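Below is one structure, written out as C-alpha cells; comments come after it.
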Amino acid sequence: MHIVLFSILWGILITLILVAPTSYYPLLFAFLIISLLIIIFSRKYFITNSKIFLLGFLLFFVSYGLCSFIIFKQSKISYPDFSNLQDTKKAVIFYSEGEMEKYSPFYADYFFKDKNIFLKPLYCFKIKREYSAFVVNEKNKELTKVAQELKKAILNYKPYYFYIAFEGYVPSIRDSIYSAIKDGCKDIYLINYTPKEIELKINKSVDLNFLRDKGINIKITKPIYESDQFINYFVNKINNFPVRYQGILIYDAETKTSSKLKEKLVKYGYKESGIIISKNIKDAFAYFKSQGFKDILFLNLYQSSSGIEAERIINNELPKYTQEFKVHGIKSWGYDMELVKACIKEFREIEEK
C-alpha cells in the first residue's frame, strides 16, 4: 500500500518539477528526496511483488496525467452582460502575437496547446530552459509601442474604445472582447497585427458567431503582413542600408508577401539569384557559399516582434555562419511608424464597409 501511495506522490512531484518555475525547486526536490529516503530505509516493512509494482507504475502515470490536466485545463467561458450595448459605442482591438515576459506554466501552454496532455509537462520543461536565457522577454515591448502610436492616431480620429490583445499572453483576445462588450461597445474592429488570418484561431476561445447573433458587429482586418505598406516598409528599409548585400535570406514560407518583397527588391537592383525565401537556414547558407556570397542579410519576416524563436535563431543559429560570412540580422518586424500607418489603412478599410 505504501508503494502505491508513494507512486501517486511521485507522479505529482515529477509533473510539478517539470512545470513549476525554478524558484519552487528546493521545496519540490526536498519532498522527492525525503520520500525516496523513506522508501530506502523502510523497504523491509513494505510488501513488494510484481502486482504492487505494476499498480504503482500505473498510478504514477494516472497521477502524472491528472496533475497535468489540472494545470493546463481551460477555464470555463462566462459570457458578459449584453444588455449594456449601445450603437454609439465602438471598440478597436489591436491583436498581436505576444509572449509571456517571464516563465509561467499557465502562459507556456501557448507554445504547445495542441499537444497531448502527457507531453505538455515535457514541453513545459523545454520552454522553461529556453526562458532561463532571458532576464525578461521583451517581445511585447515593440508590439506595445505600435499599439500606443496606433491608439493615439485612432483616438485623434474618433472617440473609440481601444484595447490590446495578445495571442500568447494577457490580456487575451477573450479578455479584450469581453471588456469591450462590458463597456457597451456594439461595433468591435480587430486589427490583425500577425502574419495569418485569425478568425478560426479566435473562435477556439471566443464564439464569434454567437456574439454576432447577439447583435455585436465584429470585423477583422486582413493580416497587416499582407498589406502593400508592410512590404514597402521592408523594401525601403533594405534599400536604405549603407551596404548592398550579395545574399538576402528572407526567413519565411513562400507566401504572396514574401514573393512580392523579393520581386520588389529585384526591381531595385538586387539579383534574383541572391534572394532566398526559406526557413531552412542551413541549406540557404550552403547555397550562398556555393555562389561565393559573403555579405548576407537575414530578414525574419515570420515574426512581428523579437520573441523566443527569434532570439534562438539570432543567438544559436546565425553564429554558426559568422566565421565564413558577414551576417546582418533583422530579428523581426520591429517598431516603425510605417507599420502603424499600415494598421490605420487596414482599419479604415473595414470601418468603411
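The values are calculated or read from the model by the stated rules, or taken from the named source; none is laboratory data. All values reported here derive from a predicted model rather than from experimental measurement. Heads up, the Cβs are rebuilt from the backbone with ideal geometry, glycines too, and the neighbour counts pull from every protein chain shown.
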Give me the pairs, please: first residue somewhere in the stretch 198-210 and within 19 Å of D114 (Cα to Cα), second residue anywhere and among the aromatic types (F, W, Y) and surrounded by 12 or more Cβ atoms within 10 Å (Cβ to Cβ), beta-carbon distance under 7 Å, and either six or more positions apart or on two chains. I198/Y95
Scan the stretch 249-275 for residues that are of a type in the set (A, V, I, L, M) and closer than 20 Å to L339 by Cβ and jot them down. I250, L261, L265
Might you check whether a residue that is among the basic types (K, R), in the same structural domain as M100 (by TED's automatic domain parsing), on the phi < 0 side of the Ramachandran plot and modelled with pLDDT of 90 or more occurs anywhere in the stretch 161-181? yes
Of the residues A284, A253, which is surrounded by 13 or more Cβ atoms within 10 Å (Cβ to Cβ), more than 20 Å from S306 (Cα to Cα), under 28 Å from the mean Cα position of the chain (by Cα) and among the small types (G, A, S)? A284
Go over the candidates K294, K264 one by one and state the one that is out of contact with any strand residue (DSSP E or B) (no Cβ under 7 Å at 6 or more places or on another chain) and outside the structural domain of Y95 (by TED's automatic domain parsing). K264
Only one of Y25, Y95, Y64 is out of contact with any Pro (no Cβ under 7 Å at 6 or more places or on another chain), within 30 Å of A133 (Cβ to Cβ) and in a strand (DSSP E or B). Can you tell me which? Y95
Just to be sure I understand, how many residues within the stretch 280-305 are touching an Asp or Glu at 6+ places or on another chain (Cβ under 7 Å) and within 22 Å of E97 (Cα to Cα)? 5
Those residues that are at pLDDT 90 or above, of a type in the set (S, T, N, Q) and out of contact with any Ser or Thr (no Cβ under 9 Å at 6 or more places or on another chain), I need them from the stretch 64-105; list them, please. Q86, T88, S104
For residues that are under 25 Å from the mean Cα position of the chain (by Cα) and not β-branched (V, I, T), scanning just the stretch 210-225, find the one that is surrounded by the most Cβ atoms within 10 Å (Cβ to Cβ). Y225
Would you confirm whether or not the stretch 41-60 contains a residue that is surrounded by fewer than 16 Cβ atoms within 10 Å (Cβ to Cβ), β-branched (V, I, T) and not in a loop (DSSP other than H, G, I, E, B)? no
Assess whether E311 counts as being surrounded by 19 or more Cβ atoms within 10 Å (Cβ to Cβ), in a helix (DSSP H, G or I), touching a residue at least 24 places away in the same chain (Cβ under 8 Å) and not aromatic (F, W, Y). no
